[in-house]
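K.L.:
Mind having a look at this structure? Questions to follow.
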């Protein structure tokens, strides 16, 4: 919760029910997540964070700034529990069912904004370093891989159709040549 008292913005602490709601909401998101990426955002402006959130939303990435203690409670007992040691400092958490999407969004933004520092990431039962997250970001996304697969699957069919179409085309051209020769 945030309150403006005229002199600036002041963060209010959450009560127990609100904390439980945040933990349960995050736990629900973790069930479908295939990757979690953690980045430090110390010194970033509100405008930059808003831009990052918009890019994440466009790619289907759940991006939140959360208290580390609440995240520790949410990931306890999940396949992302190995990430607990990395939860130090002001962090932004990115979750997605597409592991490449979350890594790309945060890595690409970190390239243009030096205040966003990728600390770690995790896939189910596997903790990644910042370098591993960067390597994951360089991989083609799920949609790109599906498009390549569809192209590969369509290529033989397309070639077969062209071959079938070539036979009547040659026949028609041959008839047209004979007709033109007889007309001359």
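K.L.:
Report, to the nearest 10°, how far helix 46-58 tilts away from the longest principal axis of the Cα atoms in the chain, using its own Cα long axis and a range of 0 to 90°.
P.N.:
Result, in degrees: 40.
K.L.:
So, one more: Could you give the nm distance between label points at residue 182 and residue 13, where each point is 7 Å from its Cα heading toward the beta carbon?
P.N.:
Calculated label separation equals 10.0 nm.
K.L.:
Which length gain, in nm to one decimal place, applies between residue 163 and residue 88 when the Cα-Cα distance is subtracted from 0.36 nm times their residue separation?
P.N.:
Between residue 163 and residue 88, full extension yields an extra 20.8 nm.
K.L.:
Here is a further query. Using Cα atoms only, what is the angle between the long axis of helix 99-112 and the major principal axis of the chain, expressed in degrees (0 to 90) to the nearest 10?
P.N.:
The answer is roughly 70 degrees.
K.L.:
Given an 8 Å cut-off on Cα distances and at least 6 residues of separation, report the relative contact order of the chain as a percent.
P.N.:
24
K.L.:
Another question about this same structure. Of the peptides 125-131, 144-150, 178-184, how do they stack up when ordered by the mean number of other Cβ atoms within 10 Å, highest first?
P.N.:
By packing density, highest mean first, the sequence is 125-131, 144-150, 178-184.
K.L.:
Quick one: give the max-minus-min coordinate of the C-alpha atoms of the chain along each principal axis, largest first, in Å.
P.N.:
Extents along the principal axes: 96, 40, 31 Å.
K.L.:
Against the longest principal axis of the chain, how steep is helix 16-32, in degrees 0 to 90 to the nearest 10, with axes from Cα atoms?
P.N.:
20
Quick note: the coordinates plus some simple rules give every number you see, no bench work behind them. Since this is a predicted model, take the numbers as computed values, not measurements. Ideal geometry is used to build each Cβ from the backbone, glycine not excepted, and the neighbour counts take in all protein chains shown.
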